[in-house]
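Asks: Dumping the structure here so I can ask a few things about it.
All of the numbers you see were taken from the coordinates with simple rules; none came from a lab. Just so it is clear, the model here is predicted, and its values are computed rather than measured. Cβ atoms come from the backbone with ideal geometry, glycine included; neighbour counts cover every protein chain shown.
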Amino acid sequence: MTKSALQIARAAYQPKVPKTLKGNVTIEEGAPTQSVSDQEEIKRLFPNTYGMPIIKFIPSDKPMGEKPVNVGVILSGGQAPGGHNVIAGIFDGIKDLHKDSRLYGFILGPEGLIKHRYMELTAEIIDEYRNTGGFDIIGSGRTKLESKAQFDKGLEILKELNISALVIIGGDDSNTNACVLAEYYKSINAGVQVIGCPKTIDGDLKNEMIETSFGFDTACKVYSEVIGNIQRDCNSSRKYWHFIKLMGRSASHIALECALQVQPNICIISEEVEAQNQSLDDVINYVAEIVAKRAENGNNYGTVLIPEGLIEFIPAMKKLIAELSDYLAHHEEEFKIIKRSAQREYITSKLSPENSAIYASLPEAVARQLTLDRDPHGNVQVSLIETEKLLAEMVGKRLKEWTKKGKFVGKFATQVHFFGYEGRCAAPSNYDADYCYSLGYTAAGLIGAGKTGYMSSVRNTTAPASEWIAGGVPITMMMNMERRHGEMKPVIQKALVKLDGAPFKVFDSKRNNWAINTDYVYPGPIQYFGPTEVCDQPTKTLQIEQTK
Ligand code: FBP
């Protein structure tokens, strides 16, 4: 494998770890815990893993492990920088428990467990992947681990390989499933512990005990670098408005973090759009008004950040999508035979007057995307909708109307961008490299302590790494009951952007200034070597949240 100079230098990087993970450790248990809500129901559903205490690692004078342990690991869902370091941390952790411990990776996500596809992760393999981005060491996948049949099938291979602990590295849904699996294996005395690790660039798996999901830091830094570059380009030629969509699924954490890093002219926050019951028209007017104001000052350029999930958060669009999905689900065959050129008119004639009017107002491409792109459940895949083009086009239309009325005197030329995949496999920042390794090493400690149904937790991460607090949180503690596919289910509560949270408040206090007075920040590329204030800083979101 040919390696870049950075890869070679990075291979030698020693992740910084909390001092409580160095040398012999033991656990300190706190008081019993409760789920965030629906306590009785969740206790009933998880009789074996409910109410367990929070765990903290503390130094000890004796080693924790006496005998070797075989561990399995699964990468679940979308890629996030640092996954390889979680695996390296688990590997080193279980080797420190006992030198004959072994680690097996299940190939291409949870499906590997069900289909019995695996590989042993030896020291040679692990060394090739330390501090690298990507999930390619074993691959990832989106198969949901949720049925008893899958759990039993998985247990066959775990028994065959003498694996007594499984680490599932995933987002909120995968960790919910990890907890269901932990409960099931405990209820049948399977002798397999299950530990979760918080992963997702989206940043929406976080709570009091999980400060951030890994990968969010690196992904946001990569996006902020390129947005910063675009802003400098924009400020140099002064002729384009750049509409930039950012990944993140439903939550706007990525857009908000990038806004805090680069100080764009506009950043839309989906959660605010929903809370204020804004229509698409309101969002268009908001952007167009800033464009017009800047034009008054002779500034016919700017940047607009748009979270990927925006469309779902505009209440009127949500209604349109729901009616459209329902209609198409029942009239698929009829729709298929309509000529492409007549499809738009056909749909417009079938919807309620309110939805029909919104649909008719959408640009051609977006209208088509809404009718064509369905996932296996029949839902529109909002990530495939080009919201950046939708906004650019509709703002353009609005400005033309205003030009006629004399309300806009300026030029409006646009460029559109979508950043997502560019950041998911980037070489982890020092923060993610250290955080991920610590999460993995902590998972090994939880295995050594015989725990199951826990998520690896590393806190206090705005302090130097040596001061970080490592331990475990019972997954049931993060759960509540939510309606999913028409049924009430126990799930880890998804963390959307809180409008009363400190990061949003900081953004809110500055955005009007950023809109009119160009005050761009250019973060530049992630730095791996150099002074700590350049290389080791956590996200602005975390820094603001943890400012006492
Ligand atoms: P996870 O929640 O699984 O970590 O995925 C994050 C994400 O990158 C989202 O931001 C994005 O909407 C989605 O994955 C894209 O999915 P895919 O990789 O299947 O195209």
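Asks: Over 22 Å between C-alpha atoms is what I'm after, so list which of K336/K389; K245/K318; K115/K159; K16/K199 land there. Working shown, then result.
Replies: On the way: K336/K389 26 Å; K245/K318 19 Å; K115/K159 14 Å; K16/K199 19 Å.
In this structure, K336/K389 exceed 22 Å between Cα atoms.
Asks: I need F529, F106 ordered by Cβ neighbour count within 10 Å, fewest first. Provide the component values of the computation, followed by the final result.
Replies: Details: F529 11, F106 29.
The fewest-first ordering by Cβ neighbours comes to F529, F106.
Asks: Among G501, I337, N460, which residue has its Cα furthest toward the positive end of the charge dipole of the chain, with +1 on Lys/Arg Cβ and -1 on Asp/Glu Cβ?
Replies: The residue sitting most towards the positive pole is I337.
Asks: Can you list residues from other chains, or at least 5 along the same chain, whose modelled amide H is less than 5 Å from the amide H of L351?
Replies: none
Asks: Okay, next question. When ranked by the protection proxy of mean other Cβ atoms within 10 Å per residue, highest first, what sequence do the peptides 146-158, 207-219 form?
Replies: On the way: 146-158: 16.2, 207-219: 25.6.
Packing order, densest peptide first, comes out as 207-219, 146-158.
Asks: Filter the trypsin sites (Lys or Arg not before Pro) in the stretch 2-64 down to the DSSP loop ones having no more than 15 other Cβ atoms within 10 Å, then list what survives.
Replies: On the way: sites: K3, R10, K16, K19, K22, K43, R44, K56; in loops: K3, K16, K22.
When the trypsin sites (Lys or Arg not before Pro) of the stretch 2-64 are filtered for loop state and at most 15 Cβ neighbours within 10 Å, K3, K22 remain.
Asks: Report, by chain and number, residues whose modeled amide H sits under 5 Å from the one on G82, excluding near sequence neighbours (fewer than 5 apart, same chain).
Replies: Excluding prolines and chain starts, which carry no amide H, the hits are G134.
Asks: Quick one: dipole size for the stretch 1-118, taken about the Cα centre, charges +1 on Lys/Arg Cβ and -1 on Asp/Glu Cβ, in debye to the nearest 20. Let's see the in-between values first.
Replies: Values: 15 positive and 11 negative charges, 117 e Å.
For this selection, approximately 560 debye.
Asks: Multiply the residue separation of K19 and A31 by 0.36 nm, subtract the distance between their alpha-carbon atoms, and state the gained length in nm to one decimal. Mind showing how you got there, number by number?
Replies: Values: separation 12, 0.36 × 12 = 4.32 nm, distance 2.37 nm.
Between K19 and A31, full extension yields 2.0 nm more.
Asks: May I pose another question? So what is the relative contact order for the chain, in percent, with contacts set as C-alpha pairs under 8 Å and at least six apart?
Replies: Values: 1168 pairs, mean separation 130.7, N = 548.
So the answer I get is 24 percent.
Asks: A further question on this structure: Among 334-340, 414-420, 112-118, how do they line up from the highest to the lowest mean number of other beta-carbon atoms within 10 Å?
Replies: Values: 334-340: 10.3, 414-420: 18.3, 112-118: 20.1.
Result, highest mean Cβ count within 10 Å first: 112-118, 414-420, 334-340.
Asks: Just check the stretch 451-544 against the gyration tensor rule for me: Cα atoms, a ≥ b ≥ c as the square roots of the eigenvalues, rounded for a/c under 1.5, and otherwise prolate or oblate depending on whether a/b exceeds b/c. Write down the numbers at each step before the final one.
Replies: Numbers: a/c = 2.93, a/b = 1.35, b/c = 2.18.
Verdict is oblate for the stretch 451-544.
Asks: State, as an integer percentage, the relative contact order of the stretch 389-463 based on alpha-carbon contacts under 8 Å between residues 6 or more apart. Present the calculation step by step, with values, prior to reporting the outcome.
Replies: Numbers: 23 pairs, mean separation 15.3, N = 75.
The normalised contact order for the stretch 389-463 reaches 20 percent.
Asks: So, one more: Apply the Karplus parameterisation 6.51 cos²θ - 1.76 cosθ + 1.60, with θ equal to phi minus 60°, to every residue of the stretch 88-104 and state each ³J(HN,Hα) to the nearest whole Hz, in sequence, with x for glycine and proline.
Replies: 4, x, 4, 4, 5, x, 6, 5, 6, 5, 7, 5, 8, 5, 10, 10, 10
Asks: Please give the peptides 258-270, 29-41, 390-402 ranked by average Cβ packing (other Cβ atoms within 10 Å per residue), highest first, as a rough proxy for protection. Write out the running numbers ahead of the final one.
Replies: On the way: 258-270: 25.0, 29-41: 14.1, 390-402: 19.5.
Put in order of decreasing packing, that is 258-270, 390-402, 29-41.
Asks: Collect residues whose amide H, placed 1.01 Å from N in the peptide plane, falls under 5 Å from the amide H of I201; neighbours closer than 5 in sequence don't count.
Replies: none
Asks: Please work out how much length the chain gains when fully extended from L384 to D127, using 0.36 nm per residue of separation minus the C-alpha to C-alpha distance, in nm with one decimal.
Replies: Result: 88.8 nm gained on full extension.
Asks: Now for a different question. Would you mind computing, in nm to one decimal, how far apart the modelled labels at R232 and Q415 are, each placed 7 Å from Cα along Cα→Cβ?
Replies: 1.3 nm
Asks: Place a +1 charge on the Cβ of each Lys and Arg in the chain and a -1 charge on the Cβ of each Asp and Glu, then give the dipole magnitude about the Cα centre in debye, rounded to the nearest 20. Walk me through the numbers on the way to the answer.
Replies: Details: 62 positive and 66 negative charges, 184 e Å.
The dipole of the chain has a size of about 880 debye.
Asks: Positive end of the charge dipole of the stretch 166-235 (Lys, Arg +1 and Asp, Glu -1 on Cβ, about the Cα centre): tell me which of S174, I195, T212 has its Cα farthest that way.
Replies: So the residue furthest toward the plus end is I195.
Asks: Right, next: List the relative contact order of the stretch 233-296 as a percent without decimals, with contacts defined as Cα pairs under 8 Å and 6+ residues apart.
Replies: Values: 22 pairs, mean separation 12.4, N = 64.
Reported as a whole number, the value is 19 percent.
Asks: Given the chain, what percent of its DSSP beta bridges are antiparallel, to the nearest 5?
Replies: On the way: 24 of 57 bridges.
Antiparallel bridges make up about 40 percent of those DSSP assigns within the chain.
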